[in-house]
Amino acid sequence: DTGVSQDPRHKITKRGQNVTFRCDPISEHNRLYWYRQTLGQGPEFLTYFQNEAQLEKSRLLSDRFSAERPKGSFSTLEIQRTEQGDSAMYLCASSLMSYEQYFGPGTRLTVT
Amino acid sequence: GNSVTQMEGPVTLSEEAFLTINCTYTATGYPSLFWYVQYPGEGLQLLLKATKADDKGSNKGFEATYRKETTSFHLEKGSVQVSDSAVYFCALSESPVMRFGAGTRLTVKP
């Protein structure tokens with residue numbers, strides 16, 4: 001399978017803990033995106049990378065969130081001091097430049 | 001700013017019924033338009049797209065036409081199957097960001 005993969009698929013954590021998610025894009029894709037999807041809503045853009053450079057961040061991305069894409073390959077999204085409002089599905093997508101985005105299966109985060 | 005509005009769901013149909021899910025958009029310029037489908041427990045899959053006015057995107061029996069005059073991109077299928085049960089998202093591209101509608105849940109009963 002050469003699609004976008006995400007790990008873990010599910011994460012349950014207690015409020016105040018830090019969590020980190022990983023995304024592996026389609027290998028030839030140079031752009032990588034993170035979205036957040038809450039129940040009953042469409043995905044909302046968080047941030048994106050072109051190669052290793054983080055080029056845009058949404059105002060939804062508070063200072064507790066940080067994303068990296070070392071070497072322009074996989075990416076990690078870390079949430080520090082999680083809050084119950086962070087509970088959501090975190091989706092990763094990749095694309096070749098501005099062509100259509102391909103999504104991974106998502107990481108479902110539950111903060112208790 | 002740019003936005004996408006989808007018809008509210010849920011939509012419940014019998015197998016072989018005709019499907020329409022309405023989508024309208026607000027945008028400056030002429031963005032590309034997309035329909036994505038999300039099956040239970042999975043991520044979004046690209047269903048079809050259209051990149052300019054009057055283009056028709058089609059895939060797996062689904063189709064949608066980019067209508068600039070009505071700023072619409074309605075999804076249609078002539079005969080739905082149980083396996084089409086999923087959530088459908090209309091989206092526009094304001095590169096590099098995709099902006100999505102809230103989704104419409106479709107349930108097809110045998």
Problem set entry | Unique residue being surrounded by 15 or more Cβ atoms within 10 Å (Cβ to Cβ), under 12 Å from the mean Cα position of the chain (by Cα) and within 11 Å of chain A (Cβ to nearest Cβ) when the list is B:Phe62, B:Phe73, B:Phe100 | B:Phe100
Exercise. Is it the case that region B:9-18 has a residue that's within 13 Å of another protein chain (Cβ to nearest Cβ) and either closer than 29 Å to A:Met97 by Cβ or in a loop (DSSP other than H, G, I, E, B) (or both)?
Worked result: yes
Problem set entry | region B:24-41, subset closer than 21 Å to B:Gln81 by Cα and at pLDDT 95 or above, residue nearest to the other protein chains (Cβ to nearest Cβ) | B:Tyr36
Problem set entry | Pairs where the first residue, in region A:39-55, is exposed (fewer than 12 other Cβ atoms within 10 Å of the Cβ) and the second is in a strand (DSSP E or B) and of a type in the set (Lys, Arg), C-beta under 9 Å, 6+ apart | A:Gly40/B:Arg105; A:Leu55/A:Arg31
For this session: Can you confirm whether region B:1-16 contains a residue that is under 19 Å from B:Leu106 (Cα atoms), surrounded by 14 or more Cβ atoms within 10 Å (Cβ to Cβ), modelled with pLDDT of 90 or more and over 12 Å from the mean Cα position of the chain (by Cα)?
Result: yes
Seminar exercise, completed: Looking across region A:67-91 at residues that are hydroxyl-bearing (Ser, Thr, Tyr) and surrounded by fewer than 16 Cβ atoms within 10 Å (Cβ to Cβ), the single one that is farthest from A:Thr110 (Cα to Cα) is A:Ser73
Problem set entry | Residues of region B:42-65 classified as modelled with pLDDT under 90 and either closer than 18 Å to B:Val108 by Cβ or assigned to a strand (DSSP E or B) (or both), total | 1
Seminar exercise, completed: Residue count, region A:70-91, condition out of contact with any Phe, Trp or Tyr (no Cβ under 6 Å at 6 or more places or on another chain) and closer than 15 Å to A:Thr20 by Cβ, comes to 9
Problem set entry | Among (1) farther than 24 Å from B:Pro40 by Cα; (2) more than 14 Å from chain B (Cβ to nearest Cβ); (3) at pLDDT 90 or above - the single one A:Gly85 does not satisfy | (1)
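The values are calculated or read from the model by the stated rules, or taken from the named source; none is laboratory data. Owing to the predicted nature of the structure, the values given are computational and were not obtained by experimental measurement. Virtual Cβ from ideal backbone geometry, glycine too; neighbours counted across all protein chains shown.
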